[in-house]
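Please find one structure pasted underneath; my questions will follow.
No value in this document is a laboratory result; all are computed from the given coordinates. Just so it is clear, the model here is predicted, and its values are computed rather than measured. Cβ placement follows ideal geometry from the backbone for every residue including glycine, while neighbour counts extend to all protein chains displayed.
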Amino acid sequence: MAMLDPAREAAPDPGVWRRALANRSFLIGLILSIAILLAGALSFFWTPYGISGVNVAARLQAPSAAHWFGTDHFGRDILSMIMVGARNSIAVALVAVGIGMLAGVPLGLWAAARGGWLDAVVMRGNDVVFAFPALLSAVMITAVFGPGAVNAIIAIGIFNVPVFARVARAGAMALWPRDYILAARAAGKGKGRITREHILPNIMHLLIVQGTIQFSLGILAEAGLSYLGLGAQPPAPSWGRMLAEAQTMMALGPHTALFPGLAIIIAVLGFNLMGDGLRDVLDPKLKAAR
Amino acid sequence: MRHSMSRLSISALFLSALLSGSALAAPRTDIIVGMALEPPHLDPTAGAAAAIDEVTYANLFEGLTRINAKGEVVPGLAESWEISPDGLTYTFKLRAGVKFHDGADFTADDVKFSIERAMAADSTNAQKALFDGITSVEVVDAATAKITLSRPIGLLLYNLGWGDAVMVDPASAATNKEKPVGTGPFKFAGWAKGSAITLDKNPAYWGTPAALDKAEFRIIADPAAATAAMLSGDVHAFANFPAPEAVPQFQADPRFAVVIGQTEGETILSTNNKKPPFDNIKVRQAIAHTLDRQAVIDGAMFGQGTPIFTHFPPFNPAYVDLSGVYPRDLDKAKALLAEAGFPDGFKATIKLPPPTYARRGGEIIAAQLREIGIDLEIIPVEWAQWLEQVFTNKDYDLTIVSHTEPNDIGIYGRKDYYFQYASEAFDAVMAKLDVTADPAARATLLGEAQTIITNDAVNGFIFQLAQTGIRDAKIEGMWADAPIQAIDLTAVRWTE
C-alpha cells in the first residue's frame, strides 16, 4: 500500500460507479439531487407560469390541476417559484462551495507542505473563523454589507474556507510521509510540484465528499438567510423567503409553507445523502471505522 | 403515594376553580397592548414617530385641548376658552387641581413654557407648523393663559390637541424622552428596551380615573409572532394589527372582537420630484395611470383599505373624488413614457420600510410598473435607515409610506419635505386657507389643494390605511378609528 504508484492511486477505480450505485444513501441522494438540479435547469427554459406578474385575484389557491402546488399570497404559481428558487439556491451554494475550495484547499495544502510556524498560523487563523457559528456570522456579514444574493454567497463562502483548509491539510499530512512522496522528493521534485502532481490528485475524493456536504449546508444557509430577509431580494424568488412570507398565511393556505419547506428538505437531504454515500464508497477505511 | 397525589391535585383544581370564580366577580385591571414598532423615545414634543404618540397621547400627556375618538376637539387641560371677535386672542381657563406625575402643579406658567419651548428656534418639535402664527403666550393668572395670534387660525384649537402640543413641566421637560412626566391618568412605570413599556394608574389624576391599574405596551415587530401572541392570550389587544391576512381567523373566533376602522393614514407611493426622471410630470402621470389600487389593497392588505386619488382621507367632508383624473390605462401610460423620452421604460429603485403595507405593496407596485417598462429594484430598509436616507437625506427614487398625521395636506407646501415638490399654485391656496375660518370656504380651498397635487401627480396615491383593531372580546373602550396617532387607554376596561 505504502509503495503504491501515485498515478494508480489516483486513477478512477472502474468499480467505483457500480459500488456507488449499490450504496442506498448515494442512490437516494443522487435521485433527489438530480430532481432539484433538473427543476432548476428546466426553469431557464420553461416554468408553468411567469413569476414576475402579480395576480391578486388568483391568490392563495389550493393545489389543483392548473397550479400543482397552488398559488401564493400574490397569486403567483408556487411550482414556478420553487423551480426558479432552486436555481437561486443552487447558484448560491455552488459559488459558496467554490469560494471555500479555491481559497481553503491551497491554504491547507500550503500549510501541510511547509509545516512549522506557517502551518500553525494558517490553522490557528482557521480556528478563529471556525470559532464563530457560521450562520450567525453570515447574518452579521449580510447585516453590515447589506442584504442580497451576492453578499449571502460571500458570507457562506467565507465560512467554507476553513472547512476545506482542514480537510486538505489533514489529507495532505497523511500523504507526506508516504514512500512515493519521499521517492519524488529524492528525485528532486519541489514541494509545490509534489503537491500539485501527487498530493492534490490523491485527496480529491476527500474534497468531493466534503464539497457535496458543504453544498447541502450552503443551500440550508441560503434558505436561513433569505428567511431572515438577508438573502436574495424580491422579486427574485427564494425558498427561504417564500417560507417566511408563508408564515402568517398558514391559516389561510398551509400549502404556501408546505412546498418551499419540502423543497429545502429534499435539496438538503439529497446532497447530504449523496455526500454520505460517496464517502462510504470512496473512503472504505472511514466506513470500516464507523 | 399516588393516591395522595391525586387527592392533592383535586384540591388544587378546586382551589383554582374558586380563584377563577372570584376573578369573575371583579374584572381584571391590567392590559397588555401589542404594537409593531417601538418608539425611539417617549417625548411626543420631540419626535415624528407615530409610536411615541401612540404610547403617550392622552395616557401620559395631555394638551390644552384634546382630540377624541371621533376626531372632535374637546376640552383637555383647558376647561373652557374664549375667542376674541377678531379671532386673534384665545383666553384659556385652565382646570384646577391638575398636577404633574412628579407632584408639581400645572399652571399657566407651564402653558407658556410648553408652547414657547415647542416654537423656539432650537426646538426639536416635529410639527412646528402647528404653532405658526402664534405671536405670544401670556400668563394672565395661575389659571388663565392667553395666546395671541398674528392672523386668525381656524385650526388653532385642533392644533393644540395634537400630541406634539402637549403640556410639559419645566422641571422634567429635558428628561421626558426616557422618563416622561405628564398630567395624564397613567404615569410612566418602566421601559424594557426592545420589549415593553409599562404604565401605572395615576392615583392623583384630576379627572375621571382610568379603569386599569396597569397597562403594558408590548413591542412585537413580527406579524407571525403578533398572531401567535394574540391567539395565546399573551397580548390582549392590538390597536392596529400588523397581519391583515390573519384577520378572518380572529373574526371567526368568539374570543376576539375585530373592529376595522379608519385612520388618517394616506398610504402613498412617495416620489422624489426633483430626481430625474421623476422630475418629469409625464413620468409621474404615467405611473398614476398604471396604479391598480384595488390590487394593492387586496394583495397587500387582504381587502382592508379604501382607494385614494389624492392626499386626503375619503371620509373627510372636504374630500373631492379625483378618481377620474388618471384612470388605469396602460396604453396611455406607455404613450406618456414615450413622450417623456422613455419608450422602453427605465430602471429605478424603490425603498421599502418594514410595515406590511410597504413591503408587500411595494412588490405589487413593482409588478404593476413593470407592465409599462419601469423596472424597479426593491430595497428593503429598516425604519432608522428610512428616516435617514429617504426622509432626511432625500436619497431615493420611490418609497411607500403611510402618512398618519391628520390634516397633513400642508406637507406639499414644505419646500424641504422629502417629496421635493414645489408649486406656487398650491402655496397660494395654502396661504388663503391659513386665513380662512369659514368651514365651507375652507372645504373649497382644501378641494382645490387636493386637485392641484393630483393633477401634478406628485405622488402615487394608493389607499387610506385601515385601523385593524383586534382585542379580547371582554375589553371595551378602545378607539375604533384613529383620527390622531393614539392608543387611548383612558376609557378602556374589562367587562369581566
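Filter the trypsin sites (Lys or Arg not before Pro) in the range A:184-220 down to the DSSP loop ones having no more than 10 other Cβ atoms within 10 Å, then list what survives.
Within the range A:184-220, no trypsin sites (Lys or Arg not before Pro) qualify (loop, at most 10 other Cβ atoms within 10 Å).
Suppose a student asked you for the relative contact order of the range A:71-183, using Cα pairs under 8 Å spaced at least 6 residues apart; what percent would you report?
40 percent
From the phi of every residue in the range B:484-493, what ³J(HN,Hα) in whole Hz does the Karplus formula 6.51 cos²θ - 1.76 cosθ + 1.60 yield, where θ is phi - 60° and glycine or proline is x?
8, 5, 6, 10, 6, 9, 5, 10, 7, 8
While we're on this one: What is the Cα convex hull volume of the range A:109-150 when expressed per residue in Å³?
Dividing the Cα hull volume of the range A:109-150 by its residues yields 92 Å³.
Apply the Karplus curve 6.51 cos²θ - 1.76 cosθ + 1.60, θ = phi - 60°, to the phi angles in the range B:107-120 and return the couplings in whole Hz, x for Gly and Pro.
Once rounded to whole Hz, the list reads 10, 4, 4, 5, 4, 4, 4, 5, 6, 5, 5, 5, 8, 4.
First select every other residue whose beta carbon is under 13 angstrom from the beta carbon of B:THR454; then total the charges, Lys and Arg +1, Asp and Glu -1.
Summing Lys and Arg as +1 and Asp and Glu as -1 gives -3.
Which of B:PHE100, B:PHE391 comes first, and how do the rest follow, when ranked by fewest Cβ neighbours within 10 Å?
B:PHE391, B:PHE100
Rounded, prolate or oblate for the range B:38-175? Axes are the square roots of the Cα gyration tensor eigenvalues, ordered a ≥ b ≥ c, and the cut-off for rounded is a/c under 1.5.
Note, shape of the range B:38-175 comes out rounded.
Please work out the FRET efficiency for the pair B:VAL140 and B:ASP279, using the Cβ-Cβ distance as r and a Förster radius of 56 Å; give the result to the nearest 0.05.
The computed FRET efficiency comes out at 0.60.
Cut-off is 10 Å between beta-carbons; in what order do B:VAL296, A:VAL167 appear when sorted fewest neighbours first?
Sorted ascending by nearby Cβ count, the order is A:VAL167, B:VAL296.
When only alpha-carbon atoms count, how far does chain B stretch along each of its three principal axes, as whole angstroms with the largest first?
86, 69, 36
A further question on this structure: If R0 is 45 Å, what FRET efficiency do you get for A:LEU136 and B:LYS474 from their C-beta distance, rounded to 0.05?
According to the calculation, E is roughly 0.60.
When all alpha-carbon pairs of the protein assembly as shown are counted, what percent fall beyond 48 Å?
Distances greater than 48 Å cover 36 percent of the Cα pairs.
Related question: Can you pull the one-decimal nm distance between simple spin-label points at A:TRP117 and A:LEU38, each 7 Å off the Cα toward Cβ?
Reported label-point gap for A:TRP117 and A:LEU38 is 5.7 nm.
Which lysines have a Cα less than 17 Å from the Cα of B:LYS146, not counting those fewer than 8 places away in the same chain?
Answer for B:LYS146, where 17 Å is the Cα cut-off: B:LYS93, B:LYS112, listed by chain and number.
Using r as the Cβ-Cβ distance of B:ILE83 and B:SER195, and R0 as 45 Å, what FRET efficiency do you calculate, to the nearest 0.05?
0.45
Oh, and also: If you count, for every residue in A:98-107, the Cβ atoms of partner chains within 10 Å of its Cβ, what is the mean?
0
Once you place label points 7 Å from the Cα toward the Cβ at B:ASP222 and A:LEU262, how far apart are they in nm?
2.5 nm
Amide H to amide H, which residues 5 or more places from B:PHE346 or on other chains are under 5 Å from it, using H placed in the peptide plane?
Correct list: B:ILE374, B:ASP375.
Can you give the average number of partner chain beta-carbon atoms within 10 Å of each beta-carbon in peptide B:284-297, as a whole number?
Averaged over the peptide's residues, the number is 1.
How big is the charge dipole of the range B:38-175 about its Cα centre, in debye rounded to the nearest 20, if each Lys and Arg gets +1 on its Cβ and each Asp and Glu gets -1 on its Cβ?
300 debye
Could you give the length gained on full extension between A:ARG185 and A:ARG24, defined as 0.36 nm per residue of separation minus the Cα-Cα distance, in nm?
Length difference between fully extended and current span is 53.8 nm.
What is the distance, in nm, between label points placed 7 Å from the Cα along the Cα-to-Cβ direction at B:ALA252 and at B:SER323?
Spacing of the two 7 Å Cα→Cβ label points: 3.0 nm.
Okay, helix-only estimate at 222 nm for the protein assembly as shown: each DSSP H run of n ≥ 4 adds -39500 (n - 2.57), divide by all residues, round to 500 deg cm²/dmol; what do you get?
Mean residue ellipticity, 222 nm, calculated: -14000 deg cm²/dmol.
Something else: Which log10 I(q)/I(0) values, to two decimals, does the range B:265-465 give at q = 0.09, 0.15 Å⁻¹ under the Debye formula with one point per Cα?
With one equal scatterer per Cα and no solvent, log10 I(q)/I(0) is -0.31, -0.90.
Further question: Which distance in Å, rounded to a whole number, links the C-alpha centroids of the range B:258-314 and the range B:424-465?
17 Å
How do B:GLU245, B:GLU138, B:GLU496 line up, fewest other C-beta atoms within 10 Å first?
Starting with the residue having the fewest Cβ neighbours, the order is B:GLU496, B:GLU138, B:GLU245.
Per residue of B:351-362, what is the mean number of Cβ atoms on other protein chains within 10 angstrom of that residue's Cβ?
Counting other chains' Cβ atoms within 10 Å and averaging over B:351-362 gives 1.
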